[in-house]
Amino acid sequence: MLNSLPEIFFILLTISVLSGLFLLYPRVPLSFVRIHIGITLLPPAAALLALVATKGTMIYGPWRLDALSWMLVLFVLTIGFIVQRYSFRYFLGDRSYRKYFALLTITTTADSVVWLSNDLRLLLISWGATLLGLILLIGLNKEWSVARNAAKQSGRLFAIGWLILLGAVIWVTQATGHWQLSIVLTKSSLTHLDLWERTCISLMLILTVVIPSAQWPFQRWLLHSVVTPTPVSAVMHAGLVNAGGIILTRFSPLFSGDIAQIVLLVLSSISVMIGTGIMLVQVDYKRQLVGSTISQMGFMLIQCALGAFLAAIIHAVLHGLFKSTLFLQAGSVLHHQKESTSGSNQPSSLLWTITGGILGLLTALGLWISSAGEIYQLISALTLGWSISLAWTQLVAFGSGHIARIAGCTLFVIAAIVYNFIHEVFKGVLQNSIPKGIQPSEPAAILLLIFLLTGSAAGVWLARHRSSAAYAVIYLWLVRLGEPQNNLVESHPKYLTQSFFRGGHLR
């Protein structure tokens, strides 16, 4: 039974795609959508069984089946099922109702095939199909010029990224003489590549991943994609945008060298700053989420650049689950302007704030001392310590009264326990499937640390000097950076007016 799980999974995956295509036939009743959604639950269930039964790496024809592959397939297909279930009523009445479910099924299926592929030709085709499906989903409403323009801009960037990946694959396969990824990435095969060739291929891979990950200077396509329906954004941010870190993880034995790692560190660090700034200055909720995604993907790629691929995968999965939840709840978000009260203007307790800072510092020191002295662990320790200090300040120091602070402390402890438990579970499942990457040189890591600390200090200074000219310039620049272009916004969708007056009623 265990040996037949791959066959069962691929049969169920094929049935799921055929079910989506069956929906496109006009005579099929819309009630079949319920059946189709139920069918899409079967492949992730089979992937879960395969993940539990996996003991090592198995090459099965053109497939590479290991814990990482099954984990990613389970993640992508589960997100796809949840979004399709959510969309059953969300899209009801839309003229693209059938097309939406078919496209979403094909896109998530193609994305899952990417992570199962051991043949680089199959990987290229599947990744191209995933990007094409995403473009079609962005431009799902063809009558809306804004959606069409957003799809065209995304399509041009995706095409460039796919062609660069094609060039990298052709280069490495011609040098090694193999199309199988498991053979290409062996030490004996990589010896056929000179150092400059490995560096160039690594740089090409970086360009391939920073585009779908919406990293600077390619972040605008994701900002423009807010015109897509919210469920599409949920799938995009959960299972497709974070593909960059996964691709680098799969090619991690090839991805090495100071130049490539430094380039990725610089691009992702800038993206972290820009994404955070856009998130803070935007008033549109979906654009705030987009800014957060840009920043989070930057952190994920920083982890890849530091050789911490296991941490990057954990980050990608947890971020995907978290961000998809936020997007699916976007319609229920209400912003209330609270009246200021005498208590709300009082500063938080200095003692509680100092306690949070000390707690964060002790956590960072403890993690650093207990580690093997690796550069990544230093940056990870400082990041975790800063996060703990910030969380403590928000949950406890800003609490009003003893009950609120007790509740904040309780929530803080529960969050720490859950985080540690999830991290240990992922580490136990994936540690044998993800090779340990090569860390950059100490000067590169120190420069990154200085850059992040300088950016954080500048942010704190600007927050305390909001009346300064520097604050106004940076604020307006971030607002402009996060705003859409003229051809990607309309005060009122013109196609609705045209449809209303065409024949006197909506079609």
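The values are calculated or read from the model by the stated rules, or taken from the named source; none is laboratory data. All figures in this text were calculated on a predicted structure; none of them were measured in a lab. No Cβ is skipped: glycine too gets one built from the backbone with ideal geometry, and neighbour counts run over all protein chains shown. With ligands, DNA and RNA removed, areas are computed over all heavy atoms of the protein, side chains included. Shrake-Rupley method; radii C 1.70, N 1.55, O 1.52, S 1.80 Å.
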Hey, could you check the range 65-93 for residues that are over 23 Å from the mean Cα position of the chain (by Cα) and either over 29 Å from L23 (Cβ atoms) or open to solvent by less than 70 Å² (accessible area, probe 1.4 Å) (or both) and say which is modelled with the lowest pLDDT?
F91
Only helices (runs of 4 or more DSSP H) wholly contained in the range 155-272 count here; list those with 2 or more residues that are of a type outside the set (D, E, K, R) and under 20 Å from the mean Cα position of the chain (by Cα).
195-210, 220-224, 230-235, 243-250
In the range 207-222, which residues are surrounded by 24 or more Cβ atoms within 10 Å (Cβ to Cβ) and over 19 Å from W127 (Cα atoms)?
Q219
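Residue-by-condition table, conditions (1) modelled with pLDDT under 90; (2) under 18 Å from G298 (Cβ atoms); (3) in contact with a Ser or Thr (Cβ under 8 Å, 6 or more places away or on another chain):
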{"position": "A159", "(1), (2), (3)": "no, no, no"}
{"position": "L163", "(1), (2), (3)": "no, no, no"}
{"position": "I170", "(1), (2), (3)": "no, no, no"}
{"position": "T199", "(1), (2), (3)": "yes, no, no"}
{"position": "T208", "(1), (2), (3)": "no, yes, no"}
{"position": "W216", "(1), (2), (3)": "yes, yes, yes"}
{"position": "S225", "(1), (2), (3)": "yes, yes, yes"}
{"position": "G245", "(1), (2), (3)": "yes, yes, yes"}
{"position": "R250", "(1), (2), (3)": "yes, no, no"}
Taking first residues from the range 175-192 that are closer than 19 Å to D66 by Cα and second residues anywhere that are aliphatic (A, V, I, L, M) and not in a helix (DSSP H, G or I), the pairs with Cβ under 9 Å that are 6 or more apart or on different chains are Q180/I59; S182/I59; V184/L254; L185/L254
Conditions (1) open to solvent by 10 Å² or more (accessible area, probe 1.4 Å); (2) β-branched (V, I, T); (3) within 20 Å of L134 (Cβ to Cβ) -> V290 fails only (1)
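Can we say L49 is buried (at least 22 other Cβ atoms within 10 Å of the Cβ) and of a type outside the set (D, E, K, R)? Break it down stepwise before answering.
Values: buried (at least 22 other Cβ atoms within 10 Å of the Cβ): no; of a type outside the set (D, E, K, R): yes.
Judged against the criteria, L49 is not a match.
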Neighbours by Cβ (under 9 Å, 6+ apart or cross-chain): first from the range 470-495, closer than 15 Å to L280 by Cβ; second acidic (D, E) and at pLDDT below 80
G482/D284
When you look at L140, is it at pLDDT below 90 and either within 30 Å of W196 (Cα to Cα) or touching an Asp or Glu at 6+ places or on another chain (Cβ under 9 Å) (or both), yes or no?
yes
Sort through L104, L131 and tell me the only one that's touching a residue at least 60 places away in the same chain (Cβ under 8 Å), open to solvent by 10 Å² or more (accessible area, probe 1.4 Å) and of a type outside the set (D, E).
L131
Within the range 10-65, residues part of a helix (DSSP H, G or I) and polar (S, T, N, Q) come out as T14, S16, S19, T40
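What do you reckon, is F10 of a type in the set (F, W, Y) and free of Cβ contacts under 8 Å to residues at least 60 places away in the same chain?
Values: of a type in the set (F, W, Y): yes; free of Cβ contacts under 8 Å to residues at least 60 places away in the same chain: yes.
When the stated conditions are applied, F10 passes them.
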